[in-house]
1. Given R₀ = 51 Å, what would the calculated FRET efficiency be for Lys364 paired with Val209, taking r from the Cβ atoms and rounding to 0.05?
2. Once fully extended, how much extra length lies between Ala306 and Arg163, figured as 0.36 nm per residue of separation less the alpha-carbon to alpha-carbon distance?
3. Return the subset of Lys445/Lys483; Lys328/Lys432; Lys364/Lys483; Lys364/Lys445; Lys295/Lys364; Lys432/Lys495 for which the Cα-Cα distance in this structure is over 23 Å, preserving the input order.
4. Rounded, prolate or oblate, given the Cα gyration tensor of the range 192-248, with a/c below 1.5 counting as rounded?
5. Looking at the range 354-426, I'd like the Rg to Rh ratio, where Rg is from alpha-carbon atoms and Rh is Kirkwood's inverse mean 1/r.
6. Where the only charges are on Cβ atoms (+1 Lys, Arg; -1 Asp, Glu), what is the dipole of the range 311-420 about its Cα centre, to the nearest 20 debye?
7. Any idea which of Ala476, Gln430, Pro451 is furthest toward the positive side of the dipole for the range 406-492, if Lys and Arg beta-carbons carry +1 and Asp and Glu beta-carbons -1?
8. If the chain between Asp487 and Asn244 were fully stretched, how many nm would it gain, using 0.36 nm times the residue separation less the Cα-Cα distance?
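Just so it is clear, none of the values below were taken in a lab; they were calculated from the coordinates. Model, not experiment: these values are computed from the prediction. Note that each Cβ is placed from the backbone with ideal geometry, even for glycine, and that neighbours are counted across all protein chains shown.
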Amino acid sequence: MTRQTNVIAIASLPVIASASLPVIASASLPVIASAFCEAIPGASTPVIASAFREVRSSHPATGGAIPPRLLRRWKALLAMTGIVIASASTPVIASAFCEAISPAISSATPDEPDSLIIAARASYYDGAYDRVIAILQSSASPRRTPEEDYYLGSAFAALNDPRNALRYLRAAVDSAPAVTSYRYQLAKAFAAAGTPVEARVEYRRILAVDSTFLPALFNLGTISFDARDYRTASDLFTRTVELNPRDYLAYYDLGASLVNLGLGDSAAQFLHASVTLNSRFIPSLTLLASLYYKKKMYDDAARLYAMVAARDSMIAENWARWGNCMEKLQNWRWMAHCFRTAASLDTANASYCARLGQAWYEGKEYDSAAAAYLRAGVLDPENPVPFLNAGLAYASMDSARPAISAFRRAYASCRIERIGFIYAQIAGVQYKQKWYRHAEESYMKSLRYDPGNARALFFLAHAREELRKLGPAAEAYRQFLRKAAGDRSMRDLVKYARKRLRELPAGQ
């Protein structure tokens, strides 16, 4: 009932008697109080008194008293609003109200519901947890009922006050141990307070009485999963889906438990059931996609990652996983789209930029690849690989100077065991540009850090030939042959080196 409706009903009391009392009596206290404050001062005393007389006279069969079916609600209404009426500006109004309904109150039955718990219950379901606490703690009674303790504890739990939540919920369970809802709320409070052992005890007590109590089964399974007891969790979630085959969350948790047990094939069928029941639940889509990816079912994995992106396009990691599928499918342009989107969503992630560079490089878009690699290098300056790859991309375009610049940046951040490789890349660019003197110098630096690099020895020899250094060239060819003679991958280079040694004067 809206606030406006309350005002209208209270200003026209016969309407209350005939229709709306149960709703108004169970409404929240501030709404009732506010409605009376607005309705009563605006009406004249004779009108109010006349309204009460109409209520009494409209039920002659009961001797003018309020009918029994409305008696309890009238008393609750009076208790909730009496203070407001008593403080009204016209004392006659308060007197008229009390005089009109006092005969009915005096004949009330002993088992009428308490007005405080009515108000507290209504406030709790309205989400007004502070109001629940204020109502129940304002009681003058030295002892609370189990229901009052339950609502107090539940309100404190909703306000993230575990100490008071446990205090009152324990009292409710101690007073009424057979009430499942009290014990269930206590178990949830234990879990929220970070004491899963106590929560597990309470859930098991519930299940000992009723093994089909689904919320307890599910929550106990969640506690077991969080404790990495995946075997117990899978058993509990299996019972949950058997009792409720429409529970997509239980299917997901069962699938996740089986994945952690190394039973991916079994997990897939339950995750598929979760997706079938709710195709918008992202965790099920993502976990099932990862299983497909591991089984090299890249098309199926990509389809699920696409579904995730359709539900939430702002998950950078999902775009990256989709991009990984596109890499396996060698769809370089779509791989680039996925990693470009991921990089735009997570602008500080160097790996997304590096993977974008790889996508462009594989698609022979070398200028875009170089730019992406350099961006990755800026984000992760201590990692030489992005700068190295940028150099390779520039080298593929015959952009020698940018390539060498990128290689030198890689060298500046490279560990010593990688320096030889970096110099070999620089030398390769210089050699291709026929800058043989610089290439010779770079190959020699490469071999200083990596003396086992046979390929560098071969091209060092050839660069020296171009520089007319025939003796040093022959010596480099000999060193190359000693290292590469048994390497099948260098068969053509070995053949050429032997030929040159026969032809060079210094090689004979």
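1. Details: r = 69 Å, r/R0 = 1.36.
My answer for the efficiency is 0.15.
2. Details: separation 143, 0.36 × 143 = 51.48 nm, distance 4.51 nm.
Length gained between Ala306 and Arg163: 47.0 nm.
3. Values: Lys445/Lys483 18 Å; Lys328/Lys432 32 Å; Lys364/Lys483 34 Å; Lys364/Lys445 30 Å; Lys295/Lys364 29 Å; Lys432/Lys495 21 Å.
Result: Lys328/Lys432; Lys364/Lys483; Lys364/Lys445; Lys295/Lys364 exceed 23 Å.
4. Numbers: a/c = 1.95, a/b = 1.29, b/c = 1.52.
Taking the square roots of the gyration eigenvalues as a ≥ b ≥ c, the range 192-248 is oblate.
5. On the way: Rg = 10.9 Å, Rh = 11.5 Å.
Using only Cα positions, Rg/Rh for the range 354-426 is 0.95.
6. On the way: 13 positive and 11 negative charges, 20 e Å.
With Lys and Arg at +1 and Asp and Glu at -1, about 100 debye.
7. The one lying farthest along the dipole's positive direction is Gln430.
8. Values: separation 243, 0.36 × 243 = 87.48 nm, distance 6.41 nm.
In short, 81.1 nm is gained.
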